[in-house]
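The values are calculated or read from the model by the stated rules, or taken from the named source; none is laboratory data. Just so you know, these numbers come straight off a predicted model, no measurement behind them. Heads up, the Cβs are rebuilt from the backbone with ideal geometry, glycines too, and the neighbour counts pull from every protein chain shown.
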Amino acid sequence: MFSLLSLLPAFVASGALASQQVIETNFFDQVNFTTLFAPSSFVDHKSGAATAWDTKTWGLTSYARTEPLRCFGNDGGALYDVAVIGAPFDTTTSYRPGARFGPNGIRQGSRRLSVESMNVPMKTRISDHLRVVDCGDIPMVYTDNKVALRQLDIANAALVSRESLRSSAQLASGLKSLAKDGKFHPRVLTLGGDHTIALPLLRGVAAIYGPVSVIHFDSHLDSRRPKSPPDSPWNPDEEMPVSHGSYFWYAYQEGLLASDNRNIHVGIRNQLYDQPLLDQDAEIGFQIAFAEDIVDVGYKGIVDRIREVVGDNPVYITFDIDVIDPAFAPATGTPEIGGFTTREIKKILHGLSGLKIVGADIVEVAPAYDFQAENTQIVAANVGWEFLTLMAQTPLTV
Ligand SMILES: [Mn+2]
């Protein structure tokens with residue numbers, strides 16, 4: 001193996017001319033950077049060979065060491081099965097802002113994860129089933145929420161409307177897709193961002209699969225109907241803007257949610273102004289599993305309830321990090337005590353194996369409030385890895 005050390009005597013002997021010689025000698029031709037820089041963790045698990053110095057190993061912090069691609073630019077023609085995107089948006093938060101830094105916080109928290117590692121209890125290696133890439137963050141303006149959400153709308157629609165890497169092979173093997181057009185499409189895992197981003201994300205999947213059953217992990221309902229004039233400061237002719245507490249009301253108005261109350265909030269435990277808010281939540285199509293329920297029915301009871309509600313429907317999972325107890329995940333905009341532990345949430349997520357998950361997001365991670373140990377970011381990153389595992393286990397077939 002060629003070693004950098006073997007170059008040293010030549011440099012020393014040539015004294016003052018050393019720097020010039022380095023330029024004259026074609027350094028890049030002489031050194032095998034693949035061997036030199038590939039640590040053991042980048043050795044291909046099947047062949048045992050060191051992987052090339054490529055997008056997996058070049059050192060940028062992508063989500064769970066997925067390949068960073070310029071999905072809307074020079075790598076626009078690349079094919080993949082899952083696109084990870086960041087949505088750096090937090091201008092509709094009601095309390096503590098900061099989730100615009102969530103995407104890179106979650107990537108930072110994911111540095112010990114890899115889609116090429118085995119999820120042991122799930123007996124699944126994500127990369128055996130899916131090519132997952134990190135498309136980076138979607139540009140979202142900070143001066144106009146409507147325009148910012150439109151930017152995400154367009155980017156998400158562009159990704160989910162493509163054909164996935166494995167589509168042709170799956171169709172050739174006789175599998176029938178869940179999508180309305182009969183093709184297999186990439187799934188998107190979005191790193192938020194405040195929770196309002198779920199509205200454009202739901203629009204994207206509903207356009208491909210029709211209305212979806214939502215599994216909403218959160219301590220809050222997020223389905224509040226905005227107060228209209230004269231009970232609000234808005235003028236009668238002004239549009240009522242969507243917020244991270246009302247996007248489900250808009251999603252229902254747009255017909256994105258499954259009918260017959262086949263959507264479920266999991267982990268609810270916030271204060272509510274009055275009973276009509278709960279009634280209205282049921283009217284737009286949700287059932288509720290409260291956080292406290294886990295004490296009485298255990299994680300299995302929660303899992304059974306979720307599976308009973310969503311059945312065989314296409315499922316979208318939207319995950320507010322505040323569903324986890326602030327002891328484990330304090331860095332979020334609206335913390336509520338009495339949440340799930342990280343071990344409980346893993347057992348609940350493992351229980352969702354086999355559901356047809358068309359897309360997922362993790363939102364409301366605000367790294368500025370995290371401990372130095374990056375607790376919240378590590379929790380969020382691991383939740384995303386479980387989502388990818390669930391996606392890897394179950395293709396989107398009829
Ligand atoms: Mn919440």
Exercise. Do we have K346 as more than 16 Å from the ligand (Cβ to nearest atom), of a type outside the set (A, V, I, L, M, F, W, C), closer than 30 Å to F184 by Cβ and touching a Ser or Thr at 6+ places or on another chain (Cβ under 8 Å) here?
Worked result: no
Problem set entry | Single residue of I317, I288, I321, I294 found to be at pLDDT 95 or above and more than 15 Å from the ligand (Cβ to nearest atom) | I294
Exercise. Tally time: how many residues in the range 161-216 are not in a loop (DSSP other than H, G, I, E, B) and not aromatic (F, W, Y)?
Worked result: 32
Problem set entry | Failed item, numbered, when P330 is tested on (1) closer than 14 Å to T376 by Cβ; (2) more than 16 Å from the ligand (Cβ to nearest atom) | (2)
Exercise. When you look at S177, is it in contact with a strand residue (DSSP E or B) (Cβ under 8 Å, 6 or more places away or on another chain) and either more than 27 Å from R269 (Cα to Cα) or at pLDDT below 95 (or both), yes or no?
Worked result: yes
Problem set entry | The one condition in (1) part of a helix (DSSP H, G or I); (2) surrounded by 14 or more Cβ atoms within 10 Å (Cβ to Cβ) that N261 fails to fulfil | (1)
Seminar exercise, completed: Of (1) charged (D, E, K, R); (2) touching a Phe, Trp or Tyr at 6+ places or on another chain (Cβ under 8 Å); (3) at positive phi, D320 satisfies every one except (3)
Exercise. Within the range 270-285, restricting attention to residues that are within 28 Å of K346 (Cβ to Cβ) and in a loop (DSSP other than H, G, I, E, B), which residue is farthest from the ligand (Cβ to nearest atom)?
Worked result: G285
For this session: Give me a count of the residues in the range 109-155 that are of a type in the set (V, I, T), in contact (Cβ under 8 Å) with a residue 40 or more places away in the chain, farther than 13 Å from Y63 by Cα and in a loop (DSSP other than H, G, I, E, B).
Result: 1
For this session: Any residue in the range 321-343 that's within 14 Å of I294 (Cβ to Cβ): show its pairings with residues that are within 8 Å of the ligand (Cβ to nearest atom) and assigned to a loop (DSSP other than H, G, I, E, B) at Cβ separation under 7 Å, as long as the two are six or more apart or on different chains.
Result: V323/D218; V323/S219; G339/S219
Problem set entry | Boolean, G267 is within 14 Å of the ligand (Cβ to nearest atom), at pLDDT below 95, small (G, A, S) and under 30 Å from A83 (Cβ atoms) | no
Problem set entry | the range 217-252 - residue that is within 16 Å of the ligand (Cβ to nearest atom) and outside any loop (DSSP other than H, G, I, E, B) and, of those, nearest to the chain's Cα centre (by Cα) | F217
Seminar exercise, completed: Picking from R111, R162, the residue that is over 24 Å from K356 (Cα atoms) and basic (K, R) would be R111
